[in-house]
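Remarks on the structure that follows.
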Amino acid sequence: MSRRTRRAVPARGAARPTVTVCRGCCCGTAEVPGQDHAAQLRTLRRALDGTATVRVTDCLDACERANVVVVQPSGEGRGNGGRPVWLGLVNDPDTTADIVTWVEEGGPGLTDPPGILDLCVFRPSRRVRAELHDE
């Protein structure tokens, strides 16, 4: 009898929010000059440890908005109407800190994001959203 290991993927309605960080063809590369991509990811992982799942994905096909971060709601947040929020141009420590604060406070469906994040929010195509299996 073989035992198969299963890849840990946040389930729909996960107990806590999920923060997906694009590190594909443009995000996380020299295409975004002056950004310490490794430090940004380290910051998110350390600050949200125990609060949210932070995962890295390949290209989310929104390269013109590099760096892209998607904040997915917890099960409770989704139950309150929260949906994944796509953020583009996440290219400075202050924006990363605003994401951390928002997720620590509950994220989509539970709390409103800091107002400055409104400048980063965008809605990708239905095809791109489907690739992340969010909706």
Leading residue by the ranking (surrounded by the most Cβ atoms within 10 Å (Cβ to Cβ)) among those in segment 62-81 that are more than 24 Å from residue 93 (Cβ to Cβ) and more than 14 Å from the chain's Cα centre (by Cα): 77
message: Here is a list: 103, 71, 56, 85. Which entry is more than 16 Å from residue 16 (Cα to Cα) and of a type in the set (A, V, I, L, M, F, W, C)?
response: 56
query: If you go through segment 99-135 one residue at a time, how many are surrounded by 17 or more Cβ atoms within 10 Å (Cβ to Cβ), closer than 16 Å to residue 66 by Cα and modelled with pLDDT of 90 or more?
result: 3
message: Based on this model, can you work out whether residue 10 counts as at pLDDT 90 or above, surrounded by 12 or more Cβ atoms within 10 Å (Cβ to Cβ) and not hydrophobic (A, V, I, L, M, F, W, C)?
response: no
message: I'd like the full set of residues that are over 11 Å from residue 96 (Cα atoms) and in contact (Cβ under 8 Å) with a residue 40 or more places away in the chain, limited to segment 39-67.
response: 48, 51, 52, 53, 55, 57, 60, 61, 62, 65, 66
field: Failed condition for residue 56, given (1) surrounded by fewer than 19 Cβ atoms within 10 Å (Cβ to Cβ); (2) at negative phi; (3) more than 13 Å from the chain's Cα centre (by Cα); (4) not polar (S, T, N, Q)
entry: (3)
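For segment 43-100, what are the residues that are acidic (Asp, Glu), in a helix (DSSP H, G or I) and over 19 Å from residue 24 (Cβ atoms)? Can you show your working first?
Just the residues of segment 43-100 that are acidic (Asp, Glu), to begin with: 49, 58, 61, 64, 76, 92, 94, 98.
Remaining after also requiring in a helix (DSSP H, G or I): 64, 76, 94, 98.
Passing the criteria: 76, 94, 98.
The values are calculated or read from the model by the stated rules, or taken from the named source; none is laboratory data. A quick note: this is a predicted structure, and the numbers were derived from the prediction, not measured. Cβ: placed from backbone, ideal geometry, glycine included. Neighbour counts: every protein chain shown.
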